[in-house]
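A short worksheet on the structure shown next.
Only the coordinates and a few stated rules stand behind these numbers; no lab work does. For clarity, every value in this text was computed on a predicted model and none was experimentally measured. So basically every Cβ, Gly included, is an ideal-geometry build from the backbone, and we count neighbours across all protein chains shown.
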Amino acid sequence: MATDGADFGGENFTSDVGNGVVTPTDQAGIACTLFDGDQAKCDAVVGVKKAMASLSLIGCLFMIGVIWLFKKHVVFVQRLILYLTIAAFFDSTAYLMANVQPDGPLCDFEAFWLSFWDWAVLLWVTCLTINLFLITVKMIRTDRYEILYHIVCWTVALAISLLPLIGDNYGPAGAWCWIKEESTAWRFFTWYGPLFIIIIAMFIMYSYIIFILNKKVKSWQGTYEPEIERNRQILKAEIRPLQAYPFIYLALSVFPLINRIQNAANPGHPIFALVILHALTSPLQGLVNAVVYGMDRETRSRLSWTQIKMSFVNRVTGDTKIKEYPVLEDTEPPPAPQGKPGNGQDDASEGDELRSPSEVHVAVSAKPKDAEMTDVNLVDDEP
């Protein structure tokens, strides 16, 4: 019986292909010998990884569906979240397709695919943080940078994911294909080093953003100006969906980082608990995005059957329902207010005393205590 050997996570895994006999696993005839040959542990790692990737894939599809259905993509910040979701979707497919593979072209492709989409997710999270910084600290519009964000994210992700192909550094790396364990320097040069630096930078940037926000909120208390109110509404609409993303990404990156550090410190002796935690958290980006963003209060309020049906019909047919309200015609001009000289025409030009019955007057109070209130007054027939 012929036996082919290949490196798997610093140890050996074998494939018995002679005489049609395949042992002891059904994954392309490859026997994982991680964890001292405990096949159950190897299968558990692969099973957990694929289960989490499946949940993440469903979460991404939900996110994309919600953004399309309710036309959230018309807002620039929501488009950034959409691009992140698309990257997380394909990242989930990378974890789904990954199996215990021998070193070869298929394994190299899976490793490249995983590296590219991992980098795409990281870069879009970085863009979200930078965008949040520009909105809160610089107070500038950022939609003009949309094309630049695309160029940077996709180009950098492609360039870095191609680098390990130099010298054949892609191959089996634990329970899936990635950068080989013997290529530790490449792991930290092309992923964990930049990842650690970017996470630190995001935390510094985010801490500064929180400081600036608290400072601005305190300065706005007890005052009302149209420009301040506009800025406040921008902060509410554009910043809230972005606040959680740096923390989410950090939480999902902790255990993979610890596991790879352990791999580098003690090659060939992986710790089962760390590998499980790695497989549990790495594919979860799409699912966590769906929970944090897709389950916000505004979206939850629209996830009723009636709202979904109406939104779907409008999206498919392109119909926009316009309601008509009749305007009552006045046969006689309203009388002038008593006690005031002059005719009604002059008085009408001076203030809001005279209104037609169909007029809607929107008045915004200028008093500090009413800074958050907008009064809509329907004027009746009486002068």
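How far apart, in nm, are the 7 Å Cα→Cβ label points at N214 and S54? Result: 4.5 nm between the two label points. The amide H of E182, built 1.01 Å from its N in the peptide plane, has no neighbour under 5 Å, considering only residues 5 or more places off or on other chains. Neighbour counting of Cβ atoms within 10 Å sorts the residues T93, T317, fewest neighbours leading, into T317, T93. Neighbour counts of C-beta atoms inside 10 Å place R79, R300, R187 in the sequence R300, R79, R187, starting with the fewest. Across the stretch 62-163, the convex hull enclosing all Cα atoms gives 103 Å³ per residue. Annotation: amide H-H contacts under 5 Å for C177 (H modelled 1.01 Å from N, sequence separation of 5 or more, or interchain): N99.
Pairs to check: K41/K180; K71/K216; K50/K71; K50/K309. Give those whose C-alpha atoms are more than 26 Å from each other in this structure.
Details: K41/K180 20 Å; K71/K216 31 Å; K50/K71 31 Å; K50/K309 33 Å.
Listed pairs above 26 Å: K71/K216; K50/K71; K50/K309.
Working note: Karplus 6.51/-1.76/1.60 with θ = phi - 60° gives the stretch 53-60 the couplings 5, 5, 4, 5, 4, 5, x, 5 Hz, where Gly and Pro are set to x.
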